[in-house]
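The values are calculated or read from the model by the stated rules, or taken from the named source; none is laboratory data. Treat the numbers as computed from the prediction; the structure is a model and nothing was measured. In this analysis, Cβ positions are derived from the backbone assuming ideal geometry, glycine residues included, and neighbour counts consider all displayed protein chains.
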Amino acid sequence: MPGKTSVSVLIDAAPPDRFEDVIARLQAAGLEIEQVLEESGVVLGSAEPDRLPSLSAVRGATVEAQRSVRLSPPDSDIQ
């Protein structure tokens, strides 16, 4: 079973007092928050892959799954 997916969320919380409301709805939808950057309107966290559609459905939030790339060491046989 795959692990959790790291996500970044851009919150469009106008007025600003809705910011916490959007965060609460993201948590209820399955987001485990790791960092909140309130001044820039960004929340970083993780969620089970099957929760991503629920997170994307939260009004006032734009959710993007983070991707990672692993490179082989420079001296490996396969490049």
Across the range 27-63, the tally of residues that are free of Cβ contacts under 8 Å to residues at least 40 places away in the same chain, over 11 Å from Ile11 (Cα atoms) and not in a strand (DSSP E or B) stands at 11
Quick check on the range 37-79: of everything there that is loosely packed, with under 10 Cβ neighbours inside 10 Å and charged (D, E, K, R), which residue is nearest to Arg25 (Cα to Cα)? Arg59
Pick from the range 24-57, criterion in contact with an Asp or Glu (Cβ under 9 Å, 6 or more places away or on another chain) and hydrophobic (A, V, I, L, M, F, W, C), ranking: nearest to Gly3 (Cα to Cα): Ala47
Just to be sure I understand the filter: pairs with C-beta atoms under 8 Å, separated by 6 or more residues or on different chains, first member in the range 64-79 and more than 26 Å from Leu10 (Cβ to Cβ), second member modelled with pLDDT under 85 and among the aliphatic types (A, V, I, L, M). Which pairs pass? Ser72/Ile78
Checking the structure you have, find out if any residue of the range 17-24 is at pLDDT 95 or above and touching a Gly at 6+ places or on another chain (Cβ under 6 Å). no
Counting only residues that are modelled with pLDDT of 95 or more and crowded, with 16+ Cβ neighbours inside 10 Å, which one in the range 7-16 is farthest from Ser56 (Cα to Cα)? Val7
